[in-house]
Amino acid sequence: MIKKRRNCNNEEVCDLRLSVKCLRDEIGVEINNYSSKGVSLQQYHLLPKFGNGTINYFISEDIEITLSRFQLHKDLLYKPEIAKEILQICFLITGEKIIYIDDIQQIFYENRASYMASIDHFSGYSRILGKKQFKEIRVVVPKTFLINHGFINDYDFKKLTDEKLILPITEELLSILLSIEKKDSVEKANRLYLRAKVFELIALQMELYKKNEVSPTKTNQTKILNILYDVKQFIKTNIHKNITLTDLGDEVGITGPALNKEFIRVFGYSIHDYTTTEKMDQAKLLLENSQKMVYQIAEEVGYKNATHFTAAFKKKTGTTPKQYKKQL
């Protein structure tokens with residue numbers, strides 16, 4: 001089931017969270033399905049209404065590998081199907097993705113980032129940002145795979161909710177990933193080759209996590225998704241202030257216009273529109289749940305005088321604060 005959804009003013013996304021199909025069957029059309037040397041491969045082209053690109057899905061006994069290379073027309077929301085205990089290893093070579101654990105906790109996952117997590121259930125959803133190249137290699141193995149090959153004896157795998165989950169993709173990892181990508185023709189891939197590469201990936205990621213616990217990797221503070229969500233939080237926390245675009249730019253180390261351009265690209269609306277919406281929502285709560293005067297509410301949402309606040313409120317809601325109060 002496909003739904004279009006708008007957030008705030010005019011952000012449009014494609015919502016597939018209610019779909020009963022897996023993502024590749026929902027957004028792609030299968031063009032090849034064949035097997036050789038113990039490996040089955042399904043190849044998909046993206047449906048034009050979603051974007052352009054390919055998804056290749058390998059399965060060899062208890063190993064699943066999904067290679068996604070595409071660009072979406074708009075942001076895509078989907079709920080991954082996880083019906084058993086698995087170890088999931090994801091490598092985002094290019095692109096931007098947000099994993100929503102719940103209404104509060106989110107994982108920002110972008111260019112040259114990776115994670116490895118043990119998952120026994122997942123009730124959240126993911127968001128792939130559109131209008132940007134997305135290239136990801138995802139490996140899934142069941143918990144029995146880890147037990148059978150001795151990985152689980154001396155290592156406590158991270159959960160999605162754990163800290164220090166996201167790690168940068170090292171050059172060594174990237175080399176292995178590119179070799180898997182080059183084997184995306186089933187004639188060249190075989191069961192033993194893929195198993196060997198998966199063993200390498202798991203072992204390397206385990207070692208990187210161990211090193212990161214001792215000496216934490218310095219994260220790249222220029223990751224744009226983290227910056228943009230920090231900006232949103234900063235606006236909410238300082239709703240009582242009149243914050244300019246320059247102020248926000250100085251806060252995160254990006255020029256105001258550049259920050260606003262990225263904000264529009266990711267969310268579909270400007271920083272000014274978002275700030276105004278947040279201020280008016282807070283004003284509505286105060287009008288509904290307090291006996292404060294209009295000028296007091298104006299001050300609490302960052303307006304120097306009641307006249308400017310009233311004009312902004314009417315433009316946003318179609319009614320003045322006093323009329324809104326009376327309607328209640």
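Here the dipole of region 27-185 is about 620 debye; that uses its Cα centre as origin and unit charges on the Cβ of Lys and Arg (positive) and Asp and Glu (negative).
In the neighborhood of L46, defined by Cβ-to-Cβ distances under 11 Å, what is the net charge if each Lys or Arg adds +1 and each Asp or Glu adds -1?
Details: positive: R24, K49, R69; negative: E26.
Result for the neighbourhood of L46: +2.
Structural descriptor for region 1-144: relative contact order 23 percent, calculated from alpha carbon pairs under 8 angstrom and at least 6 residues apart. Under the criterion of Cα pairs below 8 Å and six or more residues apart, the relative contact order for region 204-316 equals 22 percent.
The distance linking region 259-328 with region 34-97 is 43 Å (Cα centroid to Cα centroid, whole angstrom). Each of L287, L228, T255 was placed along the dipole of region 214-328 (beta-carbon charges, centred on the mean Cα), and the one lying farthest toward the positive end is L287.
Our summary gives the chain a relative contact order of 13 percent, counting only alpha carbon pairs under 8 angstrom and 6 or more residues apart.
With P(r) over Cα pairs in 10 Å bins from 0, in percent in mind, check (i) 6, 26, 34, 23, 10, 2, 0; (ii) 6, 27, 38, 24, 5, 0; (iii) 5, 22, 28, 21, 13, 7, 3, 0 and report the label derived from this structure. Computed from these coordinates, P(r) over Cα pairs in 10 Å bins from 0, in percent corresponds to label (iii). Within a straight-line Cα-Cα reach of under 17 Å, K131 can be paired with the following aspartates and glutamates, leaving aside sequence neighbours fewer than 8 residues apart in one chain: E11, E12, D15, D75, E96, E110, E262.
Shape call for region 23-94 from the C-alpha gyration tensor, a ≥ b ≥ c root eigenvalues: rounded (a/c under 1.5), prolate (a/b greater than b/c) or oblate?
On the way: a/c = 1.94, a/b = 1.28, b/c = 1.51.
Note, shape of region 23-94 comes out oblate.
Roughly to the nearest percent, how much of the accessible area of the chain is carbon and sulfur, given a 1.4 Å probe? The nonpolar share, carbon plus sulfur, comes to 50 percent. Under the convention that each Lys and Arg Cβ holds +1 and each Asp and Glu Cβ holds -1, the size of the dipole of region 106-163 around its Cα centre is about 460 debye.
The values are calculated or read from the model by the stated rules, or taken from the named source; none is laboratory data. What you see is a predicted model; the values in this text were computed from it and never measured. Don't worry about glycine lacking a Cβ; one is built from the backbone with ideal geometry, like all the others, and counts go over all protein chains shown. With ligands, DNA and RNA removed, areas are computed over all heavy atoms of the protein, side chains included. Shrake-Rupley method; radii C 1.70, N 1.55, O 1.52, S 1.80 Å.
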